[in-house]
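So the structure is just underneath, and the comments pick up after that.
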């Protein structure tokens, strides 16, 4: 009996996706991915909406690779609207955008991105905590 091939793990799927990604800011995308993953151990990654996406209890943030001149992150949980930061753009009721044009911007804004992610995680955890 032939052994059934196992589906690659979420992390393996992201790795494979990134190997195939052709984007002028791929190095910057890799750097932002690392910042996201290292900012909070509760964050997991997977491919969703045909891009690397990060979640904890709910979907949190996804790359949008359609722009070629900027790294574009979509924070798509309504908790993000409660976080104040000059990096978070847009006035939508349930999401915010973030953009980086080059590695200098990624590196200069790393501490603020990490702060936003930690605060975001705490808000999501509090909003989704079981009530007794």
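Here, each number is a calculation from the coordinates, and none is a lab measurement. Here the structure is a predicted model, which is why all the values come from computation and not from measurement. Here Cβ is always computed from backbone atoms with ideal geometry, including for glycine, and neighbour counts include all displayed protein chains.
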How much length would be gained if the chain were fully extended between residue 12 and residue 48, taking 0.36 nm per residue of separation minus their Cα-Cα distance, in nm to one decimal? 11.6 nm
Using Cα-Cα distances under 8 Å and only pairs 6 or more residues apart, what relative contact order does the chain have, in percent? 21
Pairwise centroid distance, computed over Cα atoms, of region 44-95 with region 106-132, Å: 12
Once both labels are modelled 7 Å past Cα along the beta-carbon direction, what's the residue 91-residue 122 spacing in nm? 2.8
Run the simple label-point estimate for residue 57 and residue 102 please: 7 Å along Cα→C-beta, distance reported in nm. 4.0
Could you order the peptides 90-98, 45-53 from most to least packed, using the average number of other C-beta atoms within 10 Å per residue? 45-53, 90-98
Per-q log10 I(q)/I(0), region 22-127, q = 0.15, 0.17, 0.18, 0.23 Å⁻¹ (Debye; single scatterer per alpha-carbon; no solvent): -0.56, -0.73, -0.83, -1.44
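From the P(r) of region 14-64, could you give the percentage of C-alpha pairs in the tail past 12 Å?
The answer is 64 percent, as a whole percent.
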In deg cm²/dmol, rounded to the nearest 500, the helical mean residue ellipticity at 222 nm of the chain, built from -39500 (n - 2.57) for every DSSP H run of length 4 or more, is -12500 deg cm²/dmol
